[in-house]
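Report on the following structure.
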Amino acid sequence: MKFASSVSIVPGVVLLLSLSSGCATYRTISTAEQGSSKVFSGTRLNVSAILGDEVALRKFKADPPRYPLVDLPLSVGFDMAILPLTVPIATGELLFK
């Protein structure tokens, strides 16, 4: 019984940590400008923060979350959910430059 209760605590802790540090996808999409990265932007921001790539981080107008490794799976899911919205916007920007 101890194993079952500890397994149910882990997702709660992960969710709490990600909520306290903010969602990278929300941060990048809410600050998106013409020509900025939109497709999988939160995932790319998290990966750049994990790798410590300062050049890539400067491309985004948003700060990475405090715990990018915890936020990464949630950002991948959210980026996939909004993919039907971000691809046409990014494609339209490329076609009508």
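Laboratory data are not the source of any read-out in this text; all were calculated from the coordinates shown. Here the structure is a predicted model, which means the values were calculated and not measured. Glycine also receives a Cβ, built like all others from the backbone with ideal geometry; neighbour counts cover every protein chain displayed.
Key figures
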| read-out | value |
| --- | --- |
| Counted charge near Pro68, where neighbours are those whose Cβ lies closer than 13 Å (Asp, Glu -1; Lys, Arg +1) | 0 |
| Likely footprinting exposure, Lys59, Lys38, fewest C-beta neighbours within 10 Å first | Lys59, Lys38 |
| Taking Leu51, Leu74, Leu45 and counting other C-beta atoms within 10 Å, the order from fewest to most | Leu51, Leu74, Leu45 |
| Value of D in µm² per second that Stokes-Einstein yields for segment 20-97, Kirkwood Rh from Cα pairs, at 4 °C (1.567 mPa s) | 104 µm²/s |
| 20 Å cut-off, amide nitrogen to a point 7 angstrom out along Val39 Cα→Cβ, residues in segment 62-96 | 75-96 |
| Calculated FRET value between Phe96 and Tyr67, using beta carbons and R₀ = 25 Å, to 0.05 | 0.10 |
